[in-house]
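Report on one structure; see the data block that follows.
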Amino acid sequence: MGPINRYNLEEVRALWMKMAQIAAGMLHGRIGIIEGSRSLHALQHSLPEIELDPDFTVFDAIVSETDHLPIGQERALWSKTALLEKDNEISLAEKHYKDKILQACQNIIQRKNKIE
């Protein structure tokens, strides 16, 4: 998703809705910490005002530190042996960032509710 027109309230609302849906999925365990962080990291660049926002910079950190780990469809390209090793790294990274990420997710949902 590219930059949106920040003056178009419908585009801004749609972006916040999408980000809140991902955040809710992470809070409820339907979306993994790393996978959701990658999605939110990609979306945050659609609205320049939030690129340096503390609720979003936490996603930058986890994406930067886990970009070598296979998540989602990418896993089909890896051998089972390599996945076992990487799954341990994924687990450790998700445990390390979990509290900060889930707090940021709660904040995103609250912020989305204020926009409506």
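The values are calculated or read from the model by the stated rules, or taken from the named source; none is laboratory data. Here the structure is a predicted model, which means the values were calculated and not measured. Note that each Cβ is placed from the backbone with ideal geometry, even for glycine, and that neighbours are counted across all protein chains shown.
Couple of notes before you dig in:
- Considering segment 40-49, and only residues there that are surrounded by 15 or more Cβ atoms within 10 Å (Cβ to Cβ) and at pLDDT 85 or above, the residue that is farthest from GLN21 (Cα to Cα) turns out to be SER46.
Quick grid of which residues meet (1) within 8 Å of the chain's Cα centre (by Cα); (2) under 17 Å from LYS100 (Cβ atoms); (3) part of a helix (DSSP H, G or I):
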| residue | (1), (2), (3) |
| --- | --- |
| MET17 | no, no, yes |
| GLN21 | no, no, yes |
| GLY29 | no, yes, no |
| ILE34 | yes, yes, yes |
| ARG38 | yes, yes, yes |
| LEU43 | no, no, yes |
| SER46 | no, no, no |
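- The set of residues in segment 71-95 being in a loop (DSSP other than H, G, I, E, B) and either touching a residue at least 24 places away in the same chain (Cβ under 8 Å) or surrounded by 11 or more Cβ atoms within 10 Å (Cβ to Cβ) (or both) consists of ILE71, TRP78.
- Index of the failed condition, HIS68 passing every other in (1) part of a loop (DSSP other than H, G, I, E, B); (2) in contact with a helix residue (DSSP H, G or I) (Cβ under 6 Å, 6 or more places away or on another chain): (2)
- Of note, GLY25 does not satisfy the criterion of being in contact (Cβ under 8 Å) with a residue 12 or more places away in the chain, farther than 16 Å from LYS114 by Cα and surrounded by fewer than 20 Cβ atoms within 10 Å (Cβ to Cβ).
- Residue list for segment 5-15, filter: in contact with a Leu (Cβ under 8 Å, 6 or more places away or on another chain) and not in a helix (DSSP H, G or I): ARG6
- Against the list (1) touching a Leu at 6+ places or on another chain (Cβ under 9 Å); (2) at pLDDT below 95; (3) among the polar types (S, T, N, Q), the condition GLN106 fails is (2).
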